[in-house]
Each structure stands twice: as structure tokens, then as C-alpha cells.
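A short reminder: the numbers here are calculations on the coordinates, not readings from a lab. Source: prediction; values computed, not measured. So basically every Cβ, Gly included, is an ideal-geometry build from the backbone, and we count neighbours across all protein chains shown.
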Amino acid sequence: MKKYTYTEKKDTRSGFGDGLTELGRENPNVVALCADLTGSLKMNQFEKENPDRFFQVGIAEANMIGIAAGMTIGGKIPFTGTFANFSTGRVYDQIRQSVAYSDKNVKICASHAGLTLGEDGATHQILEDIGLMKMLPGMTVINPCDYNQTKQATKAIANHKGPVYLRFGRPAVPVFMNEDFIIGKAITLNEGTDVSIFATGHLVWEAIQACEILEQKGINAEIINIHTIKPLDEKAILASANKTKCIVTAEEHMINGGLGDSIAQVISRNNPMPIEYVGVNDTFGESGTPAQLMEKYGLSADAIVKAAEKAISRKS
Amino acid sequence: MPTTIELEKIASQIRRDIVRMVHAVNSGHPGGSLGCTDYLVALYFKVMNHTAKPFDMDGKNQDLFFLSNGHISPVFYSVLARSGYFNVEELKTFRKLNSRLQGHPTTHEGLEGIRMSSGSLGQGLSVAIGAAQTKKLNNDNSLIYSLHGDGELQEGQIWEAAMYAAHNKIDNLISCIDYNQQQIDGSIQDVLDLGNLKDKWQAFGWQVLEMNGNKMEEILSTMETAKNLTGKGNPIMIIMKTEMGQGVDFMMGSHKWHGVAPNDEQLASALAQLEETIGDY
């Protein structure tokens, strides 16, 4: 397989912060709002360079979403920043009415998504956010996999007209992506013939690790990075699936409502085949280190390997 | 500029529109719509500097209005149509299938004059504040107006927004509460008392004015006072006493006409009390 190496680990939220800083320098219409988590979201540099375009709203996320929606009237491009749980579940109705149904150009940027938030536990570990956001008509949903891709995605969404949900996380993870980021365009990381592994976010690196293990077992896996969950790159998904005839999806999210669900819809409509899901299965998370949690909840390279073997065994 | 008497005549026509629209589909919210008619007529026909055509979502160098209590859509639609945003004939489509005049106002169908969807309560003040901040960023000296129901103040987001506006000195915003003291389940005092509203808003750092929202002369003079208070570091809230169902005797003095349409007989009785001044659609 194609070798992916890394020289450093960085958090995806820093990719967001650095992308936002560059946007601040390049695009005078970009404004940023934060609900008392400026440091956690890595928005400090933007704030420092653009004090007049940074809005601290305090611990009041509903108000933040409404203000962001209003700011679009007159041409501003607001980026809101808080944890994924407070970016979605807490403010679902505000996003639904004031942003999505109102067709407002708001970028909802969410850090600390999923289990890898770690020790804070289930109150903060939202695993339903992709589902919540992808159900909203007109919402674009993006879950990049490393620092580079998150930075590219942050910059790309400023030029995309319409509401966007951008999801990233807290832990330092390998920086390995050098491919260009285009909203809605899947990236093939390894071409294979035996199984298609569609991964998003932190699970992309795990999928690459799984691919190496599978290779040692004589299994040739195709690895595709689905950074944009909506709109989904159906063409790339079908092209790969039609070739390999079985699928594994991998995400740091609930299986219900996540990437796997979206892919299953595409497959069931076009070419039904075995699909195995790597994700959290209808349960809340808990406190622990990110590595412990990913292991316990089955979001690892090993879990992807097992799922791939099962999917292959189910081929008729 | 229209005179007070001319504005009152427009308001009478708009009240006719409201009861006719709601009657035609046997649904909608006449009570609050009738109560807020005079205020909205004052805004759109005299107080605000705005351009109906061509409608521009960004509204640069225009005063902008946001309706937070979206259920009083009948009055909003009629005022927008009568002030030139779209053809008054379209009022016939209110709440019907394939209409741009949805039950609650939305930008989604491209209806001119609507800049934000509302219906789910408590969101409009935040939106108005955001629009006000963009005005400031754009060095646009125009003003933002917003209207809220009194029952809507039971939503927590309103108070998040109230705190934020004072802290950030949003002084290009003139908000207004339709203080009719009624909500769906009964009087505000019975359902969830708002306490002393003036004290509350003042405690949150707002400049507070009060007016009778069913007296045109008083609305105009209070809005003038409010305008003169802008740019001085404080957001402005007008507590506007209105009568739910104003102008139709059997709809007044109760919460019962919040969201009920009149039957044929009641419509005839209502129309007999409201002079046709511009011409029915």
C-alpha cells in the first residue's frame, strides 16, 4: 500500500485556529464568535489580530447562534466556536430556524467532538452531532482527519455560501494529509480490491493502520477519506464499492445517524452489499483517556481489521 | 410623509386584511396581529428608512426590522404588501399550499421583506443584535428594530441576548415588547408572571421607554424619542402596552383570540367595525 508517515502529532482544533487566523488576514468579512472557550478552540490569535471582528458571547450558545445568523445580514461570514456538544445539541432549534431554515451563511465550528475529549466524560462527548447536523436541509457537514485537512477545510468553508458544520477534536493526532481539500470530494488514500474502508475524522489514521495490518494478512483494502459527510461523494463511494463488493465505515460517532448510515443509504439504493460499521453502538461515553476510550468503544485499527474480515466473509 | 390620520386609515385596512386572511384559511393568529398593527404601520409607513423594491437581503444603509414573535405573521405580511414589498393579491395565499406566505415568516420561500425565519420563540433578539453589530462593522448608521411578544420573554435566550446587548453597548437597536399580557394558556400573570418588566430591562442595562401601542400619535412620538436615544451606549427597549384583538370588539380583552379564526358571522361583524380605506385585496 501507499505509505503514510508523519513527523509530528497535532490537534485538529489547532488546524482550525490557524486556518481562522489566515482567514482573518485574507478576508475582512470573516468574523468569529466564541462562547467562553477561546483557548480551547484556538481562536486566540484571531482575537488578538482582529479584536473588532471577534465577539465573546459568554456561556450563552443559543444567543451566539442567533447573533451569528443576524451578522450575515450585511455580508459578514460568522464562524462560531464552542465544543461540539454545545455547538449542536444545545442549540439545535436555533440552528434549525435561524441558520438552516433562514439560509444563513454561518459556519458552526465545533471542537472536542466524540470520545477523544476524554476525561470530561459523556456530558461533553457528543456522538450524535453529525446525525443532528446532516438532517438539516441545506447544511454541509465536514469532519476532517488531521491538522492539515482541518486547516484547509476551515479556509474552504469561508468561500462556500451556506451553512456549514465543521467538526474537529482535541487530541494530538498524526499529521499526514497533503492532498488538496475540496468540499464534497472524497480522497482515496489507498487503492484496493478486497474491501472498501470509508473513514472520517480521527478514524482515518486508524483506517490506514488497519490497512497495513490487513496487507500482512493478504487483504488488499481500499481506504477512502470521507471528510464531507454531506453532501456525500456518492460517485466515489459507488465506484469503490462496485469494485470491492463489501464495505467498512469508520467514525468517532454513533452508528445511528453517522457516516455509516449515509453510506448505507447510497448502497441500498444502488448496489446492496455487506456493510460493517465501526462506531459507537447506541451508548453514551464515559471518563477515561482518549486512547482508553477509543479502545473500549471499538474505535481502533484492530476493530477496523475485524470489521473488514467480517465484511469480506459476508460477500456472496 | 403620511399624517397620523392617514396612518390610522392604513391601519384600519390592514386590520381588515388580517381578519380576512385568517378567516379564509380558518387558521392563524388574529389577536396579536390586531394588537401590533398600529406599531408596524408606524414603522413601515413613517419611522423606518427602508426600500421595498428592489428587496435587498443585506439592507445596507436601510433600517431593518425583525419580527421575533413570528405567529403574528398576518399583520407582518399585510404591512409588507401594503408598503410595496410584494403584491397585495398574494395575501390570498396565506397559509395555503405552495405559498410564500407560510404560517410563520420565512426567508426560505423568497418572500421580499423577510430577512429571518421566526416562529420558534425567543430567537429574534439575538438575530437583531447580530444585524446591529454588522451595521456597526460596516459603518452603516442605520437602525435595527425588533418586536417581541411578552409571553416570549419566558424563553431564556431573550435574557442571554439582553445581557449581551448591554455589555456590548448595542446602541443602534430599538426593540419593542408587545405587552398585551396574554398568552395561549391564559393571562401572563396566571401562566408565568414576568414581574416588573421595566425594572427587569433596566437591571439588564437597557434604556426603557413605555408607550400605548394602540395610539398612533403616542407611537410616533415615542419612536422619535427612542431614535434620539440611540448612539448613547445603551440598547433601547420599548414596553408597548397593546390590547390583543384591538379594533374588533369581541376579540378584545381576552387571550381567546390568540390563535383562533373568526367564522363567517364573526368576520362580517369584524369587518363592519373596520373601515375599508385603501381597498380590500
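With only Cα atoms counted, the protein assembly as shown has Rg and Dmax values of 27.1, 88 Å.
Which order, highest average first, do A:173-179, B:170-176 follow once you tally other Cβ atoms within 10 Å for each residue and take the mean per peptide? It would help to have the intermediate numbers written out before the result.
Working: A:173-179: 19.3, B:170-176: 25.0.
Final packing ranking: B:170-176, A:173-179.
When the inverse distances between all different Cα atoms of chain B are averaged and flipped, the Kirkwood radius reads 18.6 angstrom.
With the charge dipole of region A:132-244 set up from +1 on Lys and Arg Cβ and -1 on Asp and Glu Cβ about the Cα centre, the Cα lying farthest toward the positive end among the listed residues A:Gln209, A:Ile226, A:Ile157 is that of A:Ile157.
Expressed as a fraction of 2.2 N^0.38 Å, the rule-of-thumb size for a compact globular protein of N residues, what is the C-alpha radius of gyration of chain A? Each step should come with its number before you reach the end.
Values: Rg = 18.7 Å, N = 316, 2.2 N^0.38 = 19.6 Å.
Dividing the Cα radius of gyration by 2.2 N^0.38 Å gives 0.95.
The alpha carbons of region A:187-313 give a radius of gyration and a Dmax of 13.4, 41 Å, in that order. In the P(r) worked out for region B:95-197, what percent of Cα pairs fall beyond 22 Å? Across region B:95-197, Cα pairs with separations above 22 Å total 41 percent. Per residue of peptide A:51-60, the mean number of Cβ atoms on other chains within 10 Å of the residue Cβ is 3.
Take each of the peptides A:263-272, A:223-232, average the number of other beta-carbon atoms within 10 Å over its residues, and list them starting from the highest. Mind dumping the intermediate values first?
Working: A:263-272: 14.5, A:223-232: 24.0.
Descending packing order for the listed peptides: A:223-232, A:263-272.
The angle between the Cα long axis of helix A:259-270 and the main principal axis of chain A comes to about 60°, on a 0 to 90 degree scale. Starting from the Kirkwood Rh over alpha-carbon pairs, what translational D in µm² s⁻¹ does region B:1-146 have by Stokes-Einstein at 25 °C and 0.890 mPa s? D, rounded to a whole number, is 159 µm²/s. Among B:Leu153, B:Leu64, sorting on how many other beta-carbon atoms sit within 10 Å of each Cβ, with the fewest leading, yields B:Leu153, B:Leu64.
Sorted from fewest to most neighbouring beta carbons within 10 Å, what does the list A:Asp103, B:Asp178, B:Asp264 look like?
Working: A:Asp103 20, B:Asp178 25, B:Asp264 8.
Arranged by neighbour count, lowest to highest, A:Asp103, B:Asp178, B:Asp264 become B:Asp264, A:Asp103, B:Asp178.
Counts of other chain beta carbons within 10 angstrom of each beta carbon in peptide B:103-114 average 2. What percentage of all Cα-Cα pairs in region A:9-174 are separated by more than 27 Å? Within region A:9-174, distances greater than 27 Å cover 13 percent of Cα pairs. With a 10 Å cut-off around each Cβ of A:99-108, the average count of Cβ atoms from other chains is 4.
Modelled this way, with points 7 Å down the Cα-to-C-beta line, the labels at A:Ile182 and A:Asn270 are 1.6 nm from one another.
Which of the peptides B:111-120, A:149-158 is most tightly packed, and how do the rest follow, judged by the mean count of other Cβ atoms within 10 Å per residue?
Values: B:111-120: 23.1, A:149-158: 24.8.
Packing order, densest peptide first, comes out as A:149-158, B:111-120.
Neighbour counting of Cβ atoms within 10 Å sorts the residues B:Tyr281, B:Tyr179, B:Tyr164, fewest neighbours leading, into B:Tyr281, B:Tyr179, B:Tyr164.
Computed about its Cα centre, the charge dipole of chain A is approximately 680 debye, with only Lys, Arg, Asp and Glu carrying charge at their Cβ.
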